[in-house]
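One structure below.
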Amino acid sequence: MASETRASSTRARLLDAAAKLLADVPYDALSVRAVCAAAGANPAAVHYHFGSKEALVSALLQDRFESTWASPLDGLAARPRTVGDIVDAILDPLVALRADAETAPTVRVLAEFVIANPRAQWNSRWFGMAPWTDLLLDTVPDLDVGAAQHRWRFAFTVLMTELAQPREFTPESVAALRDFLTAGLSGPSKDPR
């Protein structure tokens, strides 16, 4: 039991250290050795607890964002919804987190990491493509799985690209992004010709 507590404590210290370091350096410049040193952990601790730097950052992002998304998205998935409701459920928390000086660096890391690592491994439900695909299929009539997945890839690429930008979000830019994502996800599913 004591070794499990130590392991979870070390894991938590590694996540906290990575978050602090990533507030100042981009993902590409993050050193596993620096994370271990900042956490006061053995130099091999990241590899022991996570397997790789990518898995460490993936775990960090899931740890920091899952509580923001899980309950609202689970609730959204359980009731009738529009594509606008889905976009609001994604966009509103991210815009609020990005506007907060304390959480803005983590949002930047999320955006940069997702752009640079499109095949990253995620363990949390709302970080994988399947629930988003199911949500869109249940919302947009006559959409097939492949089209839903493509729409989400484009939507997330646009969203993450915007979140990675150093400029401030204005109400107008958020409204334009909201409209763009909604239109892209809810457009006609068949070629109208």
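Numbers at a glance
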item	result
The chain: calculated mean residue ellipticity at 222 nm from DSSP helix runs of at least 4, using -39500 (n - 2.57)	-23000 deg cm²/dmol
Length released on extending from residue 124 to residue 99, taking residue separation times 0.36 nm less the Cα-Cα span	6.6 nm
Helix 2-22 axis, angle to the chain major axis (alpha carbon atoms, nearest 10°)	60 degrees
Charge dipole (debye, nearest 20) of the chain; +1 at Cβ of Lys and Arg, -1 at Cβ of Asp and Glu	500 debye
Segment residue 144-residue 20, length gained on full extension (0.36 nm per residue, minus Cα span)	40.5 nm
Virtual spin-label span in nm between residue 170 and residue 34, 7 Å along Cα→Cβ	3.4 nm
Label point at residue 8 placed 7 Å out along Cα→Cβ; residues across the stretch 66-89 whose backbone nitrogen lies under 19 Å	66-67
Cα-only Debye scattering, the stretch 49-113: base-10 log of I(q)/I(0) at q = 0.15, 0.28 Å⁻¹	-0.55, -1.18
Positive minus negative residues near residue 87 (Lys, Arg vs Asp, Glu; Cβ under 12 Å)	-1
Of every Cα-Cα pair in the stretch 1-140, the percent that sits beyond 19 Å	56 percent
DSSP loop GluC sites (Glu not before Pro) with at most 15 other Cβ within 10 Å excluded, longest remaining stretch of the chain	1-101
Contour minus Cα-Cα distance for residue 134 and residue 63 (0.36 nm per residue)	23.2 nm
The stretch 37-120: trypsin sites (Lys or Arg not before Pro) in DSSP coil with no more than 10 other Cβ atoms inside 10 Å	119
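Values in this text are rule-based calculations from the coordinates and carry no lab data. Only a predicted model underlies this, so the values are computations on that prediction, with no experimental measurement involved. We place every Cβ from the backbone using ideal geometry, glycine too, and count neighbours over all the protein chains shown.
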